[in-house]
Amino acid sequence: QGLVFDLFVKTLDEEIRSAKNSGSYDLGIKTMKGQSVTFIQKPQSFVFRGLTAPDETVELYAIQQDKGLSPEKMMEMYNDVKDVNNPDSVAANNGNSDSSDQDQGWFGTRRTRKFIIKTGFYVDNRDYLTKSEKVFFIQNHDNHNDKCLVARPNLGVYTENKDSLRTKFNKGAFTRNPVSVQRAMEIWEREYELADIPYSENYQVSCPGRHKESYVFAGGIVPILNKILRSGRYYGDNEKIKRPFNVVRVEVTNAAELNADMIQQPATPEEVQDDDVEMLAADPVVGDEDDIGKGVARELANKTSKVRFRGAITKYHDNDKNSNLDPTGSYFVKFSDGRKMEMDADQVNHARRKFEKEVNRLVSVGMPREDASSTEEQTKLASLAKTKLRKPILYDGDENPEEFERHFEQEFTGAVPDAIVGLEFWKDGLHEVVLQNLSEELLQMGVETTRSLYNLEKLERAEAQGEEDEKM
């Protein structure tokens, strides 16, 4: 995934070179944070490159964030700050009184007066706020850093430039002195409850709810990145236009829940583990000519991959070389990579179980057992049977000219990951515009739809079946 992301960033950098050269572009990965971050459902899956890359998919994930920070978590954060820093640097107390101007950090004459932001709780109590005062926790790490850590009940934790904060202080957006912890937490609890609404709604002026829904494109987006950005009305050549997307990383807690239904599905060849070998039954060798031709298998593995070779027993020599086993003789086997080996009864029975595991795996994805058990070269039909037919959302006769993207959508059949890196278009509804514009452009270019790919796959299997029938 690291190599894919490097290419992703490189392509993205080329696309927005002019903005980057102007200094108006800040590339970085934004991590979606919150009290909880979950996928709302399994992703939508699209094939946008037709026959050029029929197995390459782009997924669209719908993500639900609770961006808020509960009173309990806020107090944990506050206590951690007190433990790490000098207690004198935290300008909030447990009483009801506010700190003095001197404690706050105001100093100098009126003309040269300078404001040093001190860590603590601050309140916005201006008249326009009708339901509750607004409470902020501001942590100033040090006077040499140009940013502070800010926390809000409805928005969680974020960073803000000190110049921006000083401007707000000067305009009266905050109390100049930190307030007591007791007062701050009373407001915090009230705001946290008020914010239990969608992010698209406000519980009062400038105070959005804490439940935000976002959409992220992931998967094979690099080859069509330029088309995606263009579909999002971003051309990378206008310094005055803010880019409507972020490169984001998402880690969710409910992937296992979304994958729960996969337990009942047949395992794919890659999903059966070596631990299953001993659970599979295979006819044991008996020590005579009946063993000749029986299938065996062996595996070669390293840290990143595994290769499986099939083979067959070619000879049995009753030489009593293994007197503690039954049969006592030696077996000679030959594998598909050309390697020949001598095995005892235990070794060959183990290889038989591996072979049976391989057979069961192939049968589970639709291959006839006769073909799966064959130790000869696989037929074209058997090879095609290893993969399942895709399931397009639209079949022949199902058309909706206003939903272009459905022509390229297919049923998502993989496992939902617990982390993704992708592209978020943060403006409301812009992900739908991207899908519509991108799909319309691809249809005009004549790119094959998932329905066309499905029909071609069916035709290929039918032709392979016809070839098999002619041989019989």
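The values are calculated or read from the model by the stated rules, or taken from the named source; none is laboratory data. Source: prediction; values computed, not measured. FYI the Cβ positions are ideal-geometry reconstructions off the backbone, even for glycines, and counts take in every protein chain you see. Quick note on the areas: whole protein, heavy atoms, side chains included, nothing else; ligands and nucleic acids left out. Shrake-Rupley method; radii C 1.70, N 1.55, O 1.52, S 1.80 Å.
Summary of computed values
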| read-out | value |
| --- | --- |
| Hey, Phe137 in a loop (DSSP other than H, G, I, E, B), of a type outside the set (A, V, I, L, M) and touching a helix residue (DSSP H, G or I) at 6+ places or on another chain (Cβ under 7 Å) or not | no |
| Cβ pairs under 8 Å, 6+ apart, first in region 172-185 and among the aromatic types (Phe, Trp, Tyr), second open to solvent by 10 Å² or more (accessible area, probe 1.4 Å) | Phe174/Phe136; Phe174/Lys168 |
| Unique residue being part of a loop (DSSP other than H, G, I, E, B), open to solvent by 50 Å² or more (accessible area, probe 1.4 Å) and modelled with pLDDT under 95 when the list is Asn96, Asn79 | Asn96 |
| Any hit, region 325-347, residues being under 46 Å from the mean Cα position of the chain (by Cα), modelled with pLDDT under 85 and farther than 30 Å from Ala464 by Cα | yes |
| Matching residues in region 348-373 - criterion: being more than 16 Å from Val296 (Cβ to Cβ), open to solvent by 20 Å² or more (accessible area, probe 1.4 Å), under 38 Å from the mean Cα position of the chain (by Cα) and not basic (Lys, Arg) | Val363, Ser364, Gly366, Pro368, Asp371 |
| Residue in region 421-430 that is in a helix (DSSP H, G or I) and at negative phi present | yes |
| Selection status of Val90, modelled with pLDDT of 70 or more, of a type outside the set (S, T, N, Q) and touching a strand residue (DSSP E or B) at 6+ places or on another chain (Cβ under 9 Å) | no |
| Given (1) under 30 Å from Leu60 (Cα atoms); (2) out of contact with any Pro (no Cβ under 8 Å at 6 or more places or on another chain); (3) modelled with pLDDT under 95, number of the condition Pro208 does not satisfy | (3) |
| Verdict on Ala53 being open to solvent by less than 20 Å² (accessible area, probe 1.4 Å), modelled with pLDDT of 85 or more and within 30 Å of Glu460 (Cα to Cα) | yes |
| Qualifying positions in region 37-56 - within 15 Å of the chain's Cα centre (by Cα) and among the polar types (S, T, N, Q) | Thr38, Gln41, Gln44, Ser45 |
| Out of Leu435, Leu453, Leu442, sole residue that is at pLDDT 90 or above, surrounded by 18 or more Cβ atoms within 10 Å (Cβ to Cβ), more than 30 Å from Arg249 (Cβ to Cβ) and among the aliphatic types (A, V, I, L, M) | Leu453 |
| Breaking point among (1) out of contact with any strand residue (DSSP E or B) (no Cβ under 8 Å at 6 or more places or on another chain); (2) part of a strand (DSSP E or B); (3) not hydrophobic (A, V, I, L, M, F, W, C), for Pro223 | (2) |
| Number of the exception - Pro71 against (1) open to solvent by 80 Å² or more (accessible area, probe 1.4 Å); (2) closer than 30 Å to Trp188 by Cβ; (3) modelled with pLDDT of 55 or more | (1) |
